[in-house]
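The values are calculated or read from the model by the stated rules, or taken from the named source; none is laboratory data. Quick caveat: nothing in here was measured; it's all calculated off a predicted structure. When we count neighbours, we look across all protein chains shown, and the Cβ atoms used for this are built from the backbone with ideal geometry, even at glycine. Each accessible area value is taken on the protein alone, full model and side chains, heavy atoms only, with ligands, DNA and RNA left out. Shrake-Rupley method; radii C 1.70, N 1.55, O 1.52, S 1.80 Å.
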Amino acid sequence: MNIKFHLGDDILLKYAAGTLDEASGLLVATHLALCPHCRARNRAADALGGVLLDSLEAAPLPASAMDAVLARLRDEPQTESAPSATDSTNPVIPDPLRSYLGGDLDSLHWRMVAPRVHQIQIETADHRSKARLLRFHSGSTVPTHGHNGRELTLVLTGSLCDRGTVLRRGDIAETDERTEHQP
């Protein structure tokens, strides 16, 4: 796989710091499953975060802190682990996205949103971010449009042509309120 369009440094640092919304974090984690280059950059961002944490002065914890953490771990519902990203029955959807969907692309319930365009809404626990899968029939175009904020797109299969740029599996596109385009 030859990924040409990668995550921006700001997004990668926010991911490493744990400050991205859930939908953006899901996209980043899915991209990292596909992109060795960004995985290496993510390790560097994690290491930078570790250095920053090491430079902080230690703060005392109450004696009950460990018991509180263990109690929370015991109370969390156990979930089945999702198949590995190398599962040959479903190579298009890498984890963690696969664990959100619970099936392969063809077995999912796609909803038509326009002729030749289908989508699946992906539920997020934070309810402040939106994630969805879009499936376009080959040769489809979307009307020219803009965005109210940042939008991240990850190509899982096929290709996407946007403003003269062709994105393929694993490539990332980022748009914002200044973008008007017709992919």
Rounded, prolate or oblate (a/c below 1.5 giving rounded, otherwise prolate when a/b exceeds b/c) for the chain by Cα gyration tensor: prolate
Gyration tensor verdict on segment 24-70 (Cα atoms; rounded if a/c is under 1.5, prolate if a/b is larger than b/c, oblate otherwise): oblate
Cα lying deepest toward the dipole's positive end in segment 118-183, options 136, 148, 181, charges on Cβ: 136
Amide hydrogen neighbours beyond the local backbone of residue 172, cut-off 5 Å, H modeled: 5, 6
Across the chain: Cys residues that no other cysteine approaches within a C-beta distance under 4.7 Å: 161
Segment 100-183 shape via C-alpha gyration tensor axes, a/c threshold 1.5: oblate
Within the chain, longest stretch clear of exposed GluC sites (Glu not before Pro) (DSSP loop, no more than 13 other Cβ within 10 Å): 1-56
The chain, accessible area per residue, ligands and nucleic acids excluded (1.4 Å, Å²): 67
Amide H contacts of residue 122 (H built 1.01 Å from N, under 5 Å, at least 5 apart or other chain): 131, 132, 133
Nearest-20 debye value, the chain charge dipole, Cβ charges on Lys, Arg, Asp, Glu: 660
Helix 36-54 axis, angle to the chain major axis (alpha carbon atoms, nearest 10°): 30
Residue of 64, 159, 24 that the Gaussian network model of the chain assigns the largest fluctuation, springs spanning Cα pairs under 10 Å: 64
